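Single-structure report; data block below.
The values are calculated or read from the model by the stated rules, or taken from the named source; none is laboratory data. Nothing here was measured: the structure is a model prediction, and the numbers come from that model. Positions of Cβ are backbone-derived with ideal geometry, glycine not excepted, and every protein chain shown enters the neighbour counts.
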Ligand SMILES: Cc1cc2nc3c(=O)[nH]c(=O)nc-3n(C[C@H](O)[C@H](O)[C@H](O)COP(=O)(O)O)c2cc1C
């Protein structure tokens, strides 16, 4: 048990900033280009004001919900994040364990620095999903999907928003890459955090060797994710993925299949037409398209377009339990986020990640009571005071 005090997600973020080498903290915390999407992701949540209803008996209230037949303590899930293991040794496993303890979803990432079978062995089950980056090599990709299936994962999230690398200038300045390379700037950042060297780096080297993307087959020369635009390059090589690639996955994947990284209702309608089980509306936490809207801004419109039964999850921006309620009121079934549990894990390993989930739960439960809401089905746009047009479905 690590001693730490965190009353909210921002407290965990501040601790993470103190504990992580700067280049690693900024890799997690910052976004693409001018941070327009990153900043907007928070602002839109803050803009929505909530009305209370008084003299409602809320003594029996519950935040629980069901997604794909799985009971969740609240409509929350951990978004996939590459390299969670740089925050604490075995970070991916710790996130999955924290989610299992809380009874929420955790999504393990293709670009994890812990192998997918070790994560599943430690915390597998219906709460643990897997995120797929579609490698260009179709044969390798199919074999990888079969491996994920054989390990036992039942829900697969295909991330589709990265046809070219993101322009994250801070990573270039800091010299951040995976595998980690120790430029003089990165080495200086690391030496300034001796605690991280003992907690994470040495344990990693002793037990696993250098940090690398453990799920990437050696044959795969070029990585899809975390390809940054380097100085003097107009772009990295685009891939050729399209809806046919989703069909190929459907042929070999027996479980739930979602796509992640869209933020237009048109694409959500296409996803439903292609027989997917749901979508995760996401602008990647402001890490790809800097002028993207917040997924929250297109949730109501998407719900109106796909109907009430199609599963909509959204991420990018929630930091308070009240944000979960706001997203559900706009039409989301599940609200996800990647950074808060990474901050928590950097602060105190599994206990820190669990604390992030506990904060979301306590805040959501309190806000439900304050507003006079007893269950998820009570949450709807009637809770908004003077909402902006995007929070209402179009007629
Ligand atoms: C450090 C980091 C790594 C990420 N890696 C991935 C990834 O490998 N695959 C993916 O689909 N999304 C990845 N994402 C995006 C998250 O899944 C999610 O969309 C984002 O964190 C949402 O923003 P929020 O955490 O601010 O709510 C990453 C995000 C962060 C912060």
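Scanning region 125-133 for any residue that is touching a strand residue (DSSP E or B) at 6+ places or on another chain (Cβ under 9 Å), within 23 Å of residue 257 (Cα to Cα), at pLDDT 95 or above and in a helix (DSSP H, G or I) turns up nothing.
Of everything listed in (1) within 16 Å of the ligand (Cβ to nearest atom); (2) touching a helix residue (DSSP H, G or I) at 6+ places or on another chain (Cβ under 7 Å), the single unmet condition for residue 131 is (2). Taken over region 264-300, the criterion of being under 22 Å from residue 379 (Cβ atoms), touching a helix residue (DSSP H, G or I) at 6+ places or on another chain (Cβ under 7 Å) and in a helix (DSSP H, G or I) is satisfied by 265, 268, 296, 297, 298, 299, 300.
Under the condition of being farther than 17 Å from residue 98 by Cβ and touching a residue at least 60 places away in the same chain (Cβ under 8 Å), the residues counted in region 64-74 number 4. Would you pick out the residues in region 36-48 that are crowded, with 16+ Cβ neighbours inside 10 Å and within 20 Å of the chain's Cα centre (by Cα)? Correct list: 37, 38, 40, 41, 42, 44, 45.
Considering each residue of region 169-190 in turn, none proves to be farther than 17 Å from residue 212 by Cβ, within 16 Å of the ligand (Cβ to nearest atom) and assigned to a strand (DSSP E or B). Checking 84, 99 one by one, the residue that is within 11 Å of the ligand (Cβ to nearest atom) and surrounded by 24 or more Cβ atoms within 10 Å (Cβ to Cβ) is 84 and no other.
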